[in-house]
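**Q** I have a structure I would like to understand better, so I am pasting it below and will then ask my questions one at a time.
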Amino acid sequence: MRTLGLIIALIMTAAGLMADGGTVLLHQEAEPYIVTVFASPSQVRAGGTVDLSVLVQIKETLEPALDVNVDVTLIHGSSRIQTRATREQTQNKLLSAVSVVLPQPGDWSYEISIRNARLTGTMTVAGPEPRLEAYAGYLAFPFICLAVLALHQWLRISGRKHPGRRPAETGFPPPASELH
């Protein structure tokens with residue numbers, strides 16, 4: 001019972017770890033700041049919304065720099081998305097965030113501009129979410145199992161209805177009542 005309680009506690013703790021930020025894309029110094037960029041969801045998909053959150057800290061004290069403007073530029077081929085991250089969109093008011101829709105899969109470059117500091121990185125955007133047909137095998141599996149179970153039960157019951165048959169004819173061993 002203690003093991004079950006421990007497992008439940010670990011699962012509940014892990015669920016809270018994905019709180020406001022998401023997956024860390026970048027953690028880098030840019031004088032006089034330390035900047036951390038988060039992306040949520042962890043697997044960004046084309047056509048879906050990605051939330052980019054930026055934590056800007058003062059390098060000497062590690063306190064959040066709340067008075068800075070954070071500009072975000074996303075580039076992929078000829079596509080260019082420029083926007084400003086704000087604290088109004090976040091639950092955690094220490095982060096500046098922006099939500100964008102990335103229309104194409106592939107590697108997207110991003111640039112974070114804070115006053116005179118510029119940080120760059122890349123993130124991979126996967127293709128769009130697979131359609132329902134991609135999951136057809138998984139969806140059919142439970143029904144196939146139920147059909148096999150129903151067939152097994154039907155064969156088992158039909159074997160009882162013909163007690164005169166030998167086991168070789170039905171494929172099942174004789175009932176215990178016929179063994180004596």
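**Q** Which whole-Hz ³J(HN,Hα) couplings does region 92-106 yield from phi under the Karplus relation 6.51 cos²θ - 1.76 cosθ + 1.60, θ = phi - 60°, glycine and proline marked x?
**A** Result, ordered by residue: 8, 6, 7, 9, 9, 9, 8, 10, 9, 9, 9, x, 10, x, x Hz.
**Q** Just order 115-127, 90-102 by mean Cβ neighbour count inside 10 Å, highest at the front, would you?
**A** Values: 115-127: 14.0, 90-102: 17.0.
For the peptides 115-127, 90-102, the packing ranking is 90-102, 115-127.
**Q** From the phi angles alone, apply the Karplus equation (6.51, -1.76, 1.60; θ = phi - 60°) to region 30-36 and give each ³J(HN,Hα) in whole Hz, x where the residue is Gly or Pro.
**A** Listing the rounded values in order: 9, 2, x, 10, 10, 10, 10 Hz.
Coordinate-derived values only; no laboratory data. Everything numeric here is computed off the predicted structure, so don't read it as measured data. Every residue, glycine as well, gets a Cβ built from its backbone with ideal geometry; the counts of neighbours run over all protein chains shown.
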